[in-house]
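Participant: Please find one structure pasted underneath; my questions will follow.
The values are calculated or read from the model by the stated rules, or taken from the named source; none is laboratory data. Bear in mind that the values here come from a model prediction, so they are computed numbers and not experimental data. Quick reminder, even Gly has a Cβ in these numbers, built from the backbone with ideal geometry, and neighbours come from all protein chains shown. Ligands, DNA and RNA are stripped out before the accessible areas are found, and what is left, the full protein with its side chains, is counted by its heavy atoms. Shrake-Rupley method; radii C 1.70, N 1.55, O 1.52, S 1.80 Å.
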Amino acid sequence: MRSTLIDIARESGVSTATVDRVLNNRPGVKERTRLIVMEVATRLGYFTAPTVQDSRLRIDFVLPEGTNAFILNLKSELERQVSAMTDLDARVHTVEGFNPDVLAAKLAELEDNSQGVGLLAFDHPAVREAMRRLADRGVKIVTMVSDIQHTPRIGYVGVDNRAAGRLAGYLIGRFLPKDQPQKIALFAGSLAYRGHEEREMGFRHILSEEFPYLEIVDLREIRDDRIRAYAESTTLLSRHPDLAGIYNIGGGNSGIGKALEECGRGREVVFVGHEVTEDTRLMLIKGTMDALIDQNPRVEARETISMLKAAIRGEPISYIGPRIQVVLKENIPDH
């Protein structure tokens, strides 16, 4: 295996950041330092011509396992798109979605075996440190769906989650009677996902700005699991028989819908969630759900792959991200 940025930095007596700037022909490096780094990189075989087999880019994707339909759709899209690309040697990994140590261990496995990694991950110290180690090895990193800031990722592919949360709050506020006190409940997969935390922040902010008479009475983390969502929703509806609205920040919509229907409140409680899936499509048609805030997994897969390929090859990165779309019963998109 060819030498890494750490090897070159050690031999050159400079930082890995300086090596990265030199190898990617970026400014900010003295000419003498640039010459030293290039000489060391050549001597260590960094520029050795690849064989035909090795010329394919080695890219990995790490996603949380579980029943979240959107993540399953994203996984399918990644697998479908990379299977048609002869210039890629790509693998899609799934790990326990709510265990940052397991995720960090998976990223450590990829340090010497990957050129680019796309991941959906917890914003957690163990994960951030694993990302820094990957970057030190010269691996390009893209965060998907939920961002992790202040890490050496080359970009984020996904929607503005704070704006998505504000949109959810605006919809619920407009669906409910004006200026009448009402109770609202929130569900989240885990607020350790930055995207879920940002959605909650956006939701709370717009309620305080435009709908102050709406009261958030509960927030429950359901780990994007439909069974847990059903149990928590059943308890919530029993405790608050006058509940007027539910916003589900993450997955598990089918469990919430089942609880609403079983207690006969499927058309009474305003229910807003995320992503068009087979389950949410049916709930919109039945009227159990009132609105979905959708992002396109096909676009997110395409842009993540494109960004990683460009970064590995040292090419300019162009990005056309997914747009936030409100889906109602009358505008459900085709499959």
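Participant: Of the listed values (1) 0.93; (2) 1.06; (3) 0.98, identify the label whose number matches Rg/Rh (Cα atoms, Kirkwood Rh) calculated from this model.
Facilitator: The calculated read-out lines up with (2).
Participant: Can you tell me the FRET efficiency between Q180 and E209 if r is taken as the Cβ-Cβ distance and R0 is 30 Å, rounded to the nearest 0.05?
Facilitator: 0.95
Participant: Let me ask something else. So for the pair N331, A231, with labels modelled 7 Å out along Cα→Cβ, what separation do we get in nm?
Facilitator: Rounded to a tenth, the inter-label distance reads 3.8 nm.
Participant: Right, something else. Would you mind telling me which residue in R204, R267, R226 has the biggest mean-square fluctuation in a Gaussian network model of the chain, where springs connect alpha carbons within a distance under 10 angstrom?
Facilitator: R267
Participant: If you don't mind, another one. Just order 241-249, 210-218 by mean Cβ neighbour count inside 10 Å, highest at the front, would you?
Facilitator: 241-249, 210-218
Participant: Per residue, how large is the accessible surface of region 121-257? Use a 1.4 angstrom probe and give square angstrom.
Facilitator: Accessible area per residue: 40 Å².
Participant: Follow-up question, since we're still on this one. Using the Cα centre of region 1-93 as origin and beta-carbon charges of +1 (Lys, Arg) and -1 (Asp, Glu), tell me which of M85, G13, A41 is placed farthest towards the positive end of the dipole.
Facilitator: G13
Participant: Rounded to the nearest 0.05, what FRET efficiency is calculated for A108 and I324 with R0 set to 30 Å and r the Cβ-Cβ distance?
Facilitator: The pair A108/I324 has a calculated efficiency of 0.30.
Participant: What is the sum of charges around D160, taking Lys and Arg as +1, Asp and Glu as -1, for the other residues whose C-beta is under 13 Å from the C-beta of D160?
Facilitator: Overall, the nearby charge balance is +3.
Participant: A follow-up question, please. How do 103-115, 185-197, 84-96, 68-80 rank on mean C-beta neighbours within 10 Å, highest first?
Facilitator: 185-197, 68-80, 103-115, 84-96
Participant: For the chain, what % of the accessible area comes from carbon and sulfur atoms, probe 1.4 Å?
Facilitator: Of the solvent-accessible surface of the chain, carbon and sulfur hold 49 percent.
Participant: Using the heavy atoms of the protein chains and a 1.4 angstrom probe, tell me the accessible area per residue for region 28-118 in square angstrom.
Facilitator: 52
Participant: Additional query: Grab the other residues whose beta carbon is less than 14 angstrom from that of L308, score K and R as +1, D and E as -1, and report the net.
Facilitator: +2
Participant: Still on this model: Please compare each pair in K75/K329; K106/K183; K75/K140; K106/K309; K183/K286; K106/K329 to a cut-off of 30 Å on the Cα-Cα distance and tell me which ones are over it.
Facilitator: In this structure, K106/K183; K106/K329 lie more than 30 Å apart at Cα.
Participant: So if R0 is 41 Å, what FRET efficiency would R220 and N24 give, r being the distance between their Cβ atoms, rounded to the nearest 0.05? Let's see the in-between values first.
Facilitator: Details: r = 45 Å, r/R0 = 1.11.
In this case the efficiency is close to 0.35.
Participant: Let me ask something additional. Note down the net charge around G97, summing +1 for each Lys or Arg and -1 for each Asp or Glu among other residues with Cβ under 15 Å from its Cβ.
Facilitator: Working: positive: K75, K106, R194, R223, R226, R228; negative: E65, E96, D101, D123, E221, D224, D225.
Taking every other residue near G97 into account, the sum is -1.
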